[in-house]
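The values are calculated or read from the model by the stated rules, or taken from the named source; none is laboratory data. Given the structure is predicted, the values throughout are model-derived calculations rather than measurements. Positions of Cβ are backbone-derived with ideal geometry, glycine not excepted, and every protein chain shown enters the neighbour counts.
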Amino acid sequence: MKIYTKTGDQGITSLLGGVRVPKSDLRIDAYGTVDELNSYVGLVRDQAVNEKRSDFLKSIQDRLFTLGADLATVPGKEKVKKPDLQDEDILALEQAMDLMEAQLPALTAFILPGGHPSVSFCHLARTVCRRAERIVVELASYEQVNELVIKYLNRLSDYFFVLGRKMAAELEVEEVTWKPRTH
C-alpha cells in the first residue's frame, strides 16, 4: 500500500464513517492539532530527564491517538470501530501530577517557559495542548464531541505544566519566574 492516495489533492478528506469534508474543517483542525501535540509529546519523551517517565509519556501518546480517532469520527456513527477514552485515563494524569507536586516546592509566582531546552519542550507541549483544547471546545459548540476528550486535554495541559516544573527540579535548573514590571 502506498502512503499517498491522491484522494486529498483537492483539499477534501474523509472522516471515519465515510463523510468527506474540506481539510479546513474545524474537526480536521482539532484532530490535526492533537496530532501535532503527539509529536511534541514524543519530543518530551525523548529527553534524557524523562527516561523513567517514558512509558507513561508513551501511554499519553496512545491516548492522543484515541482522541484523534474520536475526533475523526462522524458524530453519531457508533458502529465505527475505534478505541475509547476512559475516566481512568484522566485519573492517571491526576495521580501522576499529585506524585510530582508532592516533591515540588509550593508555587509562589507565574513560571515563564524556559530554563533548559528539555523544560522548554515540555512548555511547547503544554501550549499546543491548550490550543487543541480550545479548538475542540469550539467544535463542541457546533457538533457532538465526547466530553472526556475536552476533560482529558484540560488535565493533560496541567500535567505538562507540573511535568515542566518536575523536570526543572531534576535538571537542577532554577525555574524562571515572571516578575511584572511596575512603574
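For first residues located in the stretch 1-16 and of a type outside the set (A, V, I, L, M, F, W, C), partners that are modelled with pLDDT of 70 or more and lie 6+ apart or on another chain with Cβ distances below 8 Å form the pairs T13/R20; T13/I28; S14/R20.
Of all residues in the stretch 82-119, those being among the aliphatic types (A, V, I, L, M), within 17 Å of R165 (Cβ to Cβ) and modelled with pLDDT of 95 or more number 8. Looking at this structure, is V137 of a type outside the set (S, T, Y), within 26 Å of G32 (Cα to Cα), in contact with a helix residue (DSSP H, G or I) (Cβ under 7 Å, 6 or more places away or on another chain) and in contact (Cβ under 8 Å) with a residue 24 or more places away in the chain? It is false that V137 is of a type outside the set (S, T, Y), within 26 Å of G32 (Cα to Cα), in contact with a helix residue (DSSP H, G or I) (Cβ under 7 Å, 6 or more places away or on another chain) and in contact (Cβ under 8 Å) with a residue 24 or more places away in the chain.
May I ask you to say which residue of I90, I150 is surrounded by fewer than 21 Cβ atoms within 10 Å (Cβ to Cβ), in contact with a Lys or Arg (Cβ under 7 Å, 6 or more places away or on another chain) and of a type in the set (V, I, T)?
I90
In the stretch 97-123, how many are more than 17 Å from A48 (Cα to Cα) and either touching a His at 6+ places or on another chain (Cβ under 7 Å) or loosely packed, with under 13 Cβ neighbours inside 10 Å (or both)? Residues in the stretch 97-123 being more than 17 Å from A48 (Cα to Cα) and either touching a His at 6+ places or on another chain (Cβ under 7 Å) or loosely packed, with under 13 Cβ neighbours inside 10 Å (or both): 11 in total. On the basis of being over 11 Å from the mean Cα position of the chain (by Cα), part of a loop (DSSP other than H, G, I, E, B) and over 18 Å from I60 (Cα atoms), does V137 make the cut? No: the conditions fail for V137. Of everything in the stretch 141-177, what is more than 17 Å from the chain's Cα centre (by Cα) and hydrophobic (A, V, I, L, M, F, W, C)? Give them in sequence order. M167, A168, A169, L171, V173, V176 - these are the residues of the stretch 141-177 that are more than 17 Å from the chain's Cα centre (by Cα) and hydrophobic (A, V, I, L, M, F, W, C). Please verify whether R63 is surrounded by fewer than 20 Cβ atoms within 10 Å (Cβ to Cβ) and at pLDDT 95 or above, treating the condition exactly as stated. It is false that R63 is surrounded by fewer than 20 Cβ atoms within 10 Å (Cβ to Cβ) and at pLDDT 95 or above.
Taking (1) closer than 22 Å to T33 by Cβ; (2) in a helix (DSSP H, G or I); (3) touching a residue at least 60 places away in the same chain (Cβ under 8 Å) in turn, N154 satisfies each apart from (3).
Condition check for E174 on (1) loosely packed, with under 12 Cβ neighbours inside 10 Å; (2) of a type in the set (D, E, K, R); (3) not in a loop (DSSP other than H, G, I, E, B): one failure, at (3). Scanning the stretch 84-109 for residues that are of a type outside the set (A, V, I, L, M), assigned to a loop (DSSP other than H, G, I, E, B) and farther than 24 Å from Q47 by Cα yields D84, Q86, T108. Within the stretch 151-170, the set of residues being farther than 13 Å from A125 by Cα and touching a strand residue (DSSP E or B) at 6+ places or on another chain (Cβ under 9 Å) comprises R165, A168.
Once the stretch 13-32 is narrowed to residues that are touching a helix residue (DSSP H, G or I) at 6+ places or on another chain (Cβ under 6 Å) and among the hydrophobic types (A, V, I, L, M, F, W, C), the residue that is modelled with the highest pLDDT is A30.
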